[in-house]
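The values are calculated or read from the model by the stated rules, or taken from the named source; none is laboratory data. None of these values were measured; they are calculated from a predicted model. Cβ atoms come from the backbone with ideal geometry, glycine included; neighbour counts cover every protein chain shown. For accessibility, only protein heavy atoms count, side chains too; no ligands or nucleic acids. Shrake-Rupley method; radii C 1.70, N 1.55, O 1.52, S 1.80 Å.
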Amino acid sequence: MRRRWLYLLPAALFVLLAAAFYRGLGIDPNILPSALIDQEVPDFALPPLRPEDGAGFSSADLKGHVSLVNAFASWCAPCRTEQPVLNALAQSKRVPIYGIDYKDKSEAGLAYLAELGNPYVKIGSDAGRVGIEWGMYGVPETFLVDRLGRIRYKHVGPLTQEVVERTILPLVARLEK
Amino acid sequence: MTRLALLSILLWAALGHPALAVRPDEMLADPKLEARAREVSKELRCLVCRNQSVDDSDADLAHDLRVLVRERIAAGDSDDQVIAYIRSRYGDFVLLKPPLETGTLLLWGGPVLIVLFGVAMIGRFYRGRPAPAPAPPLSEDERRRLDALLKGSGGR
């Protein structure tokens, strides 16, 4: 048989497929790619948690400087683990952090911030519609927005010190250049 | 009589009914628009439960998306416009049926390619084989034994 190599083809295909599946094992299925990377942030204007605070948080706040936008909620358990990380980042004054209190009662949101600290420059309260505009499917989610108001990076799930140091801060430095 | 009623209730329950996730307060007054909204939300994946459509899911986000779909339809958007809007926010993953594009050609064409490959391989296998040689004619001795055997079975 001169085409004996053809019989090796199924085995070769299997090896390729197995390699692809093995690679797939390392992918976290809970993290979906964002469709909004490199897109301009959606137009929005959110009311503040306390009416007496005046302005809430709107897309105009994100123009002209690099900023971090973090969606949180008092009912969200993983948010509690990232709050100290956000507080530390806010204290370093490296990048302003804006908050979206997602599907939350204002009093509950305020109590949450009183308990865990408030790293946010501005906070808007969202009933869910702005979250859809941002392509959010849960909390916490964090977005890095560049000077021109374009979303450049999205992190799903709680931020850790490691993510901040290895990904967020280097990106901030690059975007500020 | 009570037994019959009980039996019919049990039967009815056993048939299994799809739980409706769509709440009455979400529905549009116009049944035509509502039907369109349902068709659209059947195409959309619930991002929280992943393998349910927005129309099936009880998740909060699915509820929000159902309301959004209905608002847009009521505002006069076409079905495609509504889907395009949600796709622009959540990407291709939100579509339960992947679109046919250059990037998904392999996905859609893969099964056809595999079948074609299989057919080609089978064809090759049979064509490559030499035709079976014709059997040599029976000898005088064999023919006699065969006749005897055939007669023996026919006489039974």
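For B:L116, the conditions (1) at pLDDT 90 or above; (2) within 12 Å of another protein chain (Cβ to nearest Cβ) all hold with the exception of (2). Residues of segment B:91-113 include none that is modelled with pLDDT of 90 or more, open to solvent by 90 Å² or more (accessible area, probe 1.4 Å), part of a helix (DSSP H, G or I) and assigned by TED's automatic domain parsing to the domain that holds B:R38. Here the strands (runs of 3 or more DSSP E) wholly within segment A:61-136 that include at least 1 residues being of a type in the set (G, A, S) and within 14 Å of another protein chain (Cβ to nearest Cβ) are A:67-72. B:R45: within 14 Å of chain A (Cβ to nearest Cβ), within 24 Å of A:Q39 (Cα to Cα) and basic (K, R), yes or no? Answer is yes for this residue. Would you confirm, using the coordinates I've provided, whether A:A20 is farther than 24 Å from A:V145 by Cβ, away from chain B (no Cβ under 13 Å) and loosely packed, with under 12 Cβ neighbours inside 10 Å? Answer is no for this residue. Residue count for segment A:45-59 under the criterion of being modelled with pLDDT of 90 or more and either open to solvent by 20 Å² or more (accessible area, probe 1.4 Å) or over 16 Å from A:V121 (Cβ atoms) (or both): the result is 5. Does B:S88 meet the test of being under 22 Å from A:W134 (Cβ atoms), surrounded by 10 or more Cβ atoms within 10 Å (Cβ to Cβ) and not acidic (D, E)? Judged against the criteria, B:S88 is a match. The criterion of at least 2 residues that are modelled with pLDDT of 90 or more is met by the following helices (runs of 4 or more DSSP H) wholly inside segment B:1-86: B:31-43, B:60-74.
When A:L32 is tested against (1) under 21 Å from A:I168 (Cβ atoms); (2) out of contact with any helix residue (DSSP H, G or I) (no Cβ under 9 Å at 6 or more places or on another chain), just one condition goes unmet, and that condition is (2). B:I122 falls short on exactly one of the conditions (1) within 30 Å of A:D43 (Cβ to Cβ); (2) open to solvent by 60 Å² or more (accessible area, probe 1.4 Å); (3) modelled with pLDDT of 90 or more; (4) not basic (K, R), and that condition is (1).
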